[in-house]
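> Attaching a single structure in structure tokens format; questions to follow.
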Amino acid sequence: MEETNFGSQELLEAQAHVWHLLFSYLKSMCLKCSLELGIADALMNHGKPMELTDLAFALSIPPSKVEAFGRFMTTLVNLELFSKKQDISGTTKFVLTPMSHLLVKKETMNMTPFLRLILDPLMCDSSHTLGPWFKSPMETPFEFHFGKPLWEVVDEKPEFNNMFNEGMASDSALVGDVVMMTCRDVFKGLKSLVDVGGGTGTMARAIAHAFPGTKCTVLDLAHVIDTLKEDNSLVEYVGGDMFVSVPHAQAALLKWILHDWNDEECIKILQRCKEAIPSREDGGKIIIIDMVVGITTDKHPYAVETQLLFDLLMMSLVSGKERNESEWKKIILAAGFTDYKITPFLGLRSVIELYP
């Protein structure tokens, strides 16, 4: 057996790295706490930098907890959720950063519903069972922990179903704004589009607003469509099953859908979409908005790590996965498509165009 002789300095550095991994769960808890307290909203409503005591007062934090709250804010600043600056008198005050701007509830690009969804115990508790799940016959850690698949729980719990739909809608609102600013050419000139698994229709409405000449349809399961107060002046809602059939349109959109499913299921979905669109010569195509692991426009060094962690989330919740380009190519060709184009427009996610 080969000996491993690590030096004491190496082991101390390794210990620090292990500690960093060990305590990383507290980053999520800091994020959750900042949402519960409404720190970003308080700073936005104040309209200018705030001292710690003023911020604590605005959040109804009692004087006995201000010292602890200051330590908490120091951590949030280190995590870049907030920033601090000194005025001419040397007083430290807190301000928003681009990250915390995404936590302001009244802003269009507001991630709060999505964050609340992912941090809900139903979404994250099953991660505690990864170890025993690997040796179990259950398909997912979620099913191992809760005794039934995620989608079954969504159907059974109306409050969680609403939270799920609101979380997906908030992401669609953010992505819709960015897409319309950065990659309009993907949707330009389309006469019709069906948003497959489009939920409450946020993305479809954004496309309809940007391109009034495009007829937009939303396909989702009946229990999703039935909860909507429909506005058919912009989009049409159709209840159905994407594994069975997809309404005909010039293009089919799959935003953050295929990562929920395994390869065989993805191939079936893509085949149903292929049946619903015309030939390439007549402008038919499928537009996928999803991660391509290893491809990103995000400049942070942990971008690919985040993609890999998201893949573990998919493994924990459903039978899907985040795919690299070779894995995408495999299912694209298996579904009968001959050509595709990947454009990394959206930070950790890309736009993938498929042509029949």
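> Take segment 122-171 and flag every residue that is touching a His at 6+ places or on another chain (Cβ under 7 Å) and either of a type in the set (Val, Ile, Thr) or free of Cβ contacts under 8 Å to residues at least 12 places away in the same chain (or both). Don't jump to the end; show me each part of the working.
As a first pass, look at segment 122-171 and keep what is touching a His at 6+ places or on another chain (Cβ under 7 Å): 125-126, 129, 155.
Once the filter is applied, which keeps residues that are touching a His at 6+ places or on another chain (Cβ under 7 Å) and either of a type in the set (Val, Ile, Thr) or free of Cβ contacts under 8 Å to residues at least 12 places away in the same chain (or both), segment 122-171 yields only 129.
> A further question follows. Name the one entry in 143, 156 that is in the same structural domain as residue 256 (by TED's automatic domain parsing) and surrounded by 15 or more Cβ atoms within 10 Å (Cβ to Cβ). Write out each step before concluding.
Working: 156 fails: surrounded by 15 or more Cβ atoms within 10 Å (Cβ to Cβ).
Result of the check over 143, 156: 143.
> Consider segment 85-127. How many of its residues are in contact with a Pro (Cβ under 9 Å, 6 or more places away or on another chain) and small (Gly, Ala, Ser)?
Counting residues in segment 85-127 that are in contact with a Pro (Cβ under 9 Å, 6 or more places away or on another chain) and small (Gly, Ala, Ser) gives 2.
> Going by what's in this entry, would residue 106 be described as surrounded by fewer than 16 Cβ atoms within 10 Å (Cβ to Cβ), of a type in the set (D, E, K, R) and not assigned by TED's automatic domain parsing to the domain that holds residue 163? I'd like the intermediate steps shown before the answer.
Values: surrounded by fewer than 16 Cβ atoms within 10 Å (Cβ to Cβ): yes; of a type in the set (D, E, K, R): yes; not assigned by TED's automatic domain parsing to the domain that holds residue 163: yes.
Spelling it out, residue 106 is indeed surrounded by fewer than 16 Cβ atoms within 10 Å (Cβ to Cβ), of a type in the set (D, E, K, R) and not assigned by TED's automatic domain parsing to the domain that holds residue 163.
> Taking the options 316, 326, name whichever one is closer than 30 Å to residue 143 by Cα, of a type in the set (Ser, Thr, Tyr), in contact with a helix residue (DSSP H, G or I) (Cβ under 8 Å, 6 or more places away or on another chain) and in the same structural domain as residue 142 (by TED's automatic domain parsing). Walk me through it before giving the result.
Values: 326 fails: in contact with a helix residue (DSSP H, G or I) (Cβ under 8 Å, 6 or more places away or on another chain).
Testing whether each residue is closer than 30 Å to residue 143 by Cα, of a type in the set (Ser, Thr, Tyr), in contact with a helix residue (DSSP H, G or I) (Cβ under 8 Å, 6 or more places away or on another chain) and in the same structural domain as residue 142 (by TED's automatic domain parsing) leaves just 316.
> Being farther than 22 Å from residue 108 by Cα, of a type in the set (D, E, K, R) and free of Cβ contacts under 8 Å to residues at least 24 places away in the same chain is the filter here; which residues of segment 29-83 pass it?
Matches in segment 29-83: 54, 65, 67, 71.
> State which residue pairs qualify: first residue in the same structural domain as residue 341 (by TED's automatic domain parsing) and inside segment 288-299, second residue modelled with pLDDT under 95 and assigned to a loop (DSSP other than H, G, I, E, B) in any location, beta carbons under 8 Å apart, and separation of 6 or more residues or different chains.
Within 8 Å, the pairs are 289/256; 290/256; 291/348; 296/347; 296/348; 297/347; 298/347; 298/348.
> Would a scan of segment 167-174 turn up a residue that is assigned to a helix (DSSP H, G or I), at pLDDT 90 or above and more than 30 Å from residue 211 (Cβ to Cβ)?
Checked segment 167-174: no residue is assigned to a helix (DSSP H, G or I), at pLDDT 90 or above and more than 30 Å from residue 211 (Cβ to Cβ).
> Something else now. Scanning segment 45-89 for residues that are of a type in the set (A, V, I, L, M) and part of a loop (DSSP other than H, G, I, E, B), which turns out surrounded by the most Cβ atoms within 10 Å (Cβ to Cβ)?
As a first pass, look at segment 45-89 and keep what is of a type in the set (A, V, I, L, M): 50, 52, 55-56, 58-59, 61, 66, 68, 73, 76-77, 79, 81, 88.
Imposing the further condition that a residue be part of a loop (DSSP other than H, G, I, E, B) reduces the set to 59, 61, 79, 81, 88.
Values: 59: 14, 61: 17, 79: 15, 81: 21, 88: 5.
Taking the candidates together, the pick is 81.
The values are calculated or read from the model by the stated rules, or taken from the named source; none is laboratory data. Keep in mind the model is a prediction, meaning the values are calculated, not measured. Backbone-built Cβ (ideal geometry, glycine too); neighbour counts: all protein chains shown.
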